[in-house]
Amino acid sequence: MSAKADIGLIGLAVMGQNLVLNMNDHGYAVAVHNRTTSKTTEFIGGPAAGRTIFGAETLEELVAELKSPRRVMLMVKAGEIVDAYIEKLTPLLEAGDIIIDGGNSHYPDTERRTRTLREKGIHYIGTGVSGGEEGARNGPSIMPGGEVKAWPSVKPIFQAIAAKAGDGTPCCDWVGDGGAGHYVKMVHNAIEYGDMQLITEAYQIMHEVLGMNHEEMADLFSTWDKGRLESYLIEITAEILRTKDEDGSPLVEKILDTAGQKGTGKWTVVDSAQLGIPVTLIAEAVYARALSARKEERVRAAAILGPGPGAAGSASRPVSAADREAILADLEAAVYAAKITSYAQGFMLFREAAREYGWTIDYGAVAGMWRGGCIIRSAFLSDITEAFEANPELENLLQAPVFSGIMLEAVGAWRRAVVRAVGAGIPVPAMSSALSFFEAYRSARLPANLLQAQRDYFGAHTYERVDRPRGEFFHTNWTGSGGSVTSGTYDA
């Protein structure tokens, strides 16, 4: 049997099937395999009927269908299943062949797999794919990393099927070595957590403080989507708020208020703690989901502690039309400023991760890859790309001229929005934590001097002085009986 397929794909769930159809639309013949053979048969006889897509009942058949160098893409659940398929595929492949992991694998696993397969002469690519079902079918954002020698062999396929930004640039480029591609996808997902949390906080303020109905809220989000907050998530929020249940009531109010998560947000927070980077908004978004999941406990707590003044069912305070417009203007500014802060934190994490793990990441290119196809696609990502193009060594997005002016202009409205929410008993963990970060980040002096004094008092951890050079450490015998022995000085 002569090889006919340009690429093979394993895993025919919704993302896998749609990626295969997308590849075939762009002229690539695809061989497919699924652990459950019936799923392969149904796909070949259904959506793939009449196309140059070939079903394979076994991995041996799949590999035999592939042109050299063989390219095999895994679209399976992250974890042990990926390792199991790699173990089965490796004996069937030759030096120079390529295995691609398109799932949400944890980046240390991708680092390990890249090293292990390199020793066997097989190239490994760990690539983030974002955009959900629609993106996979019509053009996702693709974030590949791993063995750079393999990039020329997959670049034409990936850039053909990827979404295109407004200027026609494919939303796909090489990210970096080892686990860099999956790391970027991990942080993408975490930023997505933050964006979604900010939107839900704005929704709760609109609904429970201002008493806006669902049509009014949908109209406002549609308006926001035509301005500087233009984004996929804002767009679909308007659509969700307009959607009615069978009885004509807003469907969103019938949905249980417990949020799920699949791990990428948590991985980001854990890694940020290890690297000492304060991604505070993302962390609060992750913890907000965790708190929402404790539904039964929250119901019991509400019976004991009572709902806050802004809780569902309580009367919202009437406001005049003019006041409402002013409050909503403040809210829009607060959401935008908090969003900028979240992305600034995410790129801080990228910079430190690149330093720690030895990656070279083009930060402007990362933002460019997110301009289309992915869940966090939005208008202002072009501004991030331009900021890094203007200054590749930019220390922090908040220092970029395009953003610093916006932040200074928005901070008053941001404060007012947070104060109103707190006064109404509405939790705004993402919005308020981002504000605290911004205020601290632009403070030349923080109260950590007192904290260091406390550490030295109880643990002889020493401190530096403002009137001496950095790197000199001192200890005070605060009690008169502590002596001069000090603890070792280091940062964990």
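The values are calculated or read from the model by the stated rules, or taken from the named source; none is laboratory data. As the structure is a prediction and not an experimental result, all values here were calculated from the model. As a convention, Cβ positions derive from the backbone with ideal geometry for all residues, glycine included, and neighbour counts pool all protein chains shown.
Structure notes:
- Of Ala13, Ala49, Ala29, all but one fail to be in contact with a Ser or Thr (Cβ under 8 Å, 6 or more places away or on another chain) and aliphatic (A, V, I, L, M); the exception is Ala29.
- Across region 257-280, the qualifying residues are those that are in contact (Cβ under 8 Å) with a residue 24 or more places away in the chain and small (Gly, Ala, Ser), and the one among them that is farthest from Asn189 (Cα to Cα) is Gly276.
- Tabulated pairs, region 469-490, first closer than 19 Å to Leu451 by Cβ and modelled with pLDDT under 90, second among the hydroxyl-bearing types (Ser, Thr, Tyr) and assigned to a loop (DSSP other than H, G, I, E, B), C-beta under 8 angstrom, 6+ apart or interchain: Thr486/Thr462; Ser487/Thr462; Thr489/Thr462
- For region 60-78, a residue qualifies if it is out of contact with any helix residue (DSSP H, G or I) (no Cβ under 8 Å at 6 or more places or on another chain) and small (Gly, Ala, Ser), and the qualifying residues are Ala64, Ser68.
- Tally, over region 325-346, of residues that are surrounded by fewer than 23 Cβ atoms within 10 Å (Cβ to Cβ) and not charged (D, E, K, R): 6
- Members of region 215-247 that are surrounded by 15 or more Cβ atoms within 10 Å (Cβ to Cβ) and closer than 19 Å to Gly135 by Cα: Ser231, Tyr232, Leu233, Ile234, Glu235, Thr237, Ile240
- Residue identified as within 30 Å of Pro140 (Cβ to Cβ), surrounded by 18 or more Cβ atoms within 10 Å (Cβ to Cβ), in the same structural domain as Leu275 (by TED's automatic domain parsing) and among the aromatic types (Phe, Trp, Tyr) among Phe437, Phe380: Phe380
- Any hit, region 143-165, residues being buried (at least 22 other Cβ atoms within 10 Å of the Cβ) and on the phi > 0 side of the Ramachandran plot: yes
- Residue match in region 163-181 (condition: farther than 17 Å from Met73 by Cα, within 17 Å of the chain's Cα centre (by Cα) and either of a type in the set (A, V, I, L, M) or in a helix (DSSP H, G or I) (or both)): yes
- Scanning region 35-48 for residues being of a type outside the set (Val, Ile, Thr) and touching an Asp or Glu at 6+ places or on another chain (Cβ under 9 Å) gives a total of 0.
- Total residues in region 254-275, condition modelled with pLDDT under 95, out of contact with any Ser or Thr (no Cβ under 6 Å at 6 or more places or on another chain) and of a type in the set (Gly, Ala, Ser): 3
- Enumeration of residues in region 25-44 that are surrounded by fewer than 18 Cβ atoms within 10 Å (Cβ to Cβ) and of a type outside the set (Lys, Arg): Asp25, His26, Gly27, Thr36, Thr37, Ser38, Thr41, Glu42, Ile44
- Flag for Arg371 being in contact with a helix residue (DSSP H, G or I) (Cβ under 9 Å, 6 or more places away or on another chain), outside the structural domain of Met143 (by TED's automatic domain parsing), touching a residue at least 12 places away in the same chain (Cβ under 8 Å) and closer than 30 Å to Pro307 by Cβ: no
- Taking region 28-97 as the region of interest, the helices (runs of 4 or more DSSP H) fully inside it that hold 3 or more residues being within 32 Å of the chain's Cα centre (by Cα) are 37-45, 80-89.
- Picking from residues in region 369-410 that are among the small types (Gly, Ala, Ser) and in a loop (DSSP other than H, G, I, E, B), the one that is nearest to Glu133 (Cα to Cα) is Gly373.
- Screening Pro427 against (1) within 25 Å of the chain's Cα centre (by Cα); (2) surrounded by 19 or more Cβ atoms within 10 Å (Cβ to Cβ) leaves a single unmet condition, (2).
- Among the residues of region 70-89, those that are within 16 Å of Leu117 (Cα to Cα) and either touching a residue at least 24 places away in the same chain (Cβ under 8 Å) or aromatic (Phe, Trp, Tyr) (or both) comprise Arg70, Arg71, Val72, Met73, Leu74, Val82, Asp83, Tyr85, Ile86, Lys88, Leu89.
- For Val366, the conditions (1) closer than 23 Å to Thr264 by Cα; (2) part of a helix (DSSP H, G or I); (3) in contact with a Ser or Thr (Cβ under 7 Å, 6 or more places away or on another chain) all hold with the exception of (3).
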